[in-house]
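Okay, so here's the structure we're looking at.
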Amino acid sequence: MNREAEVVVTGVGAVTCHGAGADTLWRAMTAAGTRLPDRPADPLARMDLPLISLVPDLGPADDDPTADRATRFASLAAAEALADAGLDAGALAAARTAVVLGSCMGEPGANERGRGDDGGWTPPFRLATALAAELGLFGTVHDVGNACAAGAYALGIAADLVRAGAADVVIAGGSDAYSRVALGCFNRLGAVDPERCRPFESDRSGTVFAEGAGILVVESAAHARARGALSGDGNGRDDDSGVLWLSGVAWSCDADHPTAPRADGEQIVRAMREAVGGAPDDIGCVVPHGTGTRLNDVLESRLLHRVLGERAPQVPLYSLKALVGHAGGASAALAAVAAALILRHGTVPPNVPLKEQDPECAVLLPQDEPTPLPPQARRVLVNAYGFGGNNASVVLAGGPDAVGLGSGKGGAPS
């Protein structure tokens, strides 16, 4: 395999309800028993279940009622990811740098609360443009709106740009902030849990929305090696312990129902298999979509058995949404950041404890102690599904002492 044509992740950044920073997210992930801080998000939201997982006060800008929260989340996470990657403004300007961000609602606050500059409508999908302008970039800039799979689609587009030679570096991920409209719609659908986000629990009854952003620096292996960020062979040796391989990205579409996944799951399986490639035995962990809705969790559990085969009951899942809530278009990007952290640390943290696991969800959800990743299974599968039948899967690979990993080079089926 020509490793110079491959794609690496050199930096990650995150903003969640637990605070700013990927390290903050990791501390929350490793604190067994931590739950997302659900609370009413909007006292004027007159709906049955106005629960949302809010990002805490991040400084003076939060006092400004006109502040674009999703843009600010993306900016904070991007700054952390770039610092983690060792890239400054000069390095970005010298490279062919693109920005690709996914979001469900974009930046809806001004329109939902009547705060447009002239009292009119403000285009909501301007996150990537705003971030590129802040960084002084003039290359490819793209917003993705593929519902709750948008962050994973953004990573797929980033990988395509790098492999096609159209970009050396892509700042990719997703960001979403509180939307009164989105929360109202989910209330009308009866898809909000009255307690908290409880994926795979027997009595779960919906999801809980969250704010946040996840950003990854996606880079060509050739560019990373030329600037000294990558010196090994991609198998996660000590000198490359912070660099991971984006070994597979794939997407598909059910085109079957506005909100529900197709019952046979064929297109979900297609995306997973394309991303995993011919090496399902290398998958050491799955960060599932797992929203806490009745249908999604059961279907995803069953389809993981089809993709992973006999190993499925032994492959640990880390249910991120139980910890941070469902961050919409940012959820898959945050899941990818969580996957990167799992690989860097070589361990799967314990899940938020379940009261009783749904027997129809026959998957492994360790809850008592961390689960080490075997050296030969240092690849993590991330799944993301969205309204309109949008499916996407991403596989990250590497980490300390990883050995013998298959490339799992996935495509992007239409």
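Per-residue packing, averaged as other Cβ atoms within 10 Å, sorts the ranges 334-340, 128-134 into the order 334-340, 128-134, beginning with the highest. What is the distance, in nm, between label points placed 7 Å from the Cα along the Cα-to-Cβ direction at ALA166 and at ASP401? Once both label points are built, they end up 4.1 nm from each other. Computed extension gain for ALA45 through SER231, at 0.36 nm per residue and net of the alpha carbon distance, reaches 61.7 nm. Note that the range 3-221, at 20 °C in a medium of 1.002 mPa s, gets a Stokes-Einstein diffusion coefficient of 118 µm²/s from its Kirkwood radius over C-alpha pairs. For the range 307-316, 3J(HN,Hα) computed residue by residue from phi via the Karplus equation (6.51, -1.76, 1.60; θ = phi - 60°) reads 7, 8, x, 5, 6, 3, x, 9, 7, x Hz, glycine and proline entered as x.
Sparse packing (at most 13 other Cβ atoms within 10 Å of the Cβ) combined with a DSSP loop state is found for the following chymotrypsin sites (Phe, Trp or Tyr not before Pro) in the range 117-225: TRP121, PHE138. With the charge dipole of the chain set up from +1 on Lys and Arg Cβ and -1 on Asp and Glu Cβ about the Cα centre, the Cα lying farthest toward the positive end among the listed residues VAL382, ALA226, GLY278 is that of GLY278.
For the chain, the 222 nm mean residue ellipticity estimated from helices alone, with every DSSP H stretch of n ≥ 4 adding -39500 (n - 2.57) and the total spread over all residues, rounds to -8500 deg cm²/dmol.
When ASP368, ASP42, ASP193 are arranged by Cβ crowding within 10 Å, least crowded first, meaning fewest neighbours, the order is ASP368, ASP42, ASP193. Working from the Cα coordinates of the chain, the gyration tensor eigenvalues give, after taking √(5λ), semi-axes of 29, 27, 19 Å in decreasing order. Simple point charges give the picture: +1 on the Cβ of Lys and Arg, -1 on the Cβ of Asp and Glu, and for the chain a dipole about the Cα centre of about 420 debye. Per-residue Karplus couplings for the range 137-153, computed as 6.51 cos²θ - 1.76 cosθ + 1.60 with θ equal to phi - 60°, are listed in order as 9, 10, x, 5, 9, 8, 9, 10, x, 7, 6, 7, 9, 4, x, 6, 4 Hz, Gly and Pro entered as x. Summarising the label geometry, the points placed 7 Å from Cα in the beta-carbon direction at THR30 and ALA255 lie 4.6 nm from one another.
Readers should treat all values here as calculations from the given coordinates under stated rules, not as data from a laboratory. Quantities reported herein were computed from a predicted structural model and do not represent experimental measurements. Glycine gets a Cβ as well: all are built from the backbone with ideal geometry, and neighbour counts include every protein chain shown.
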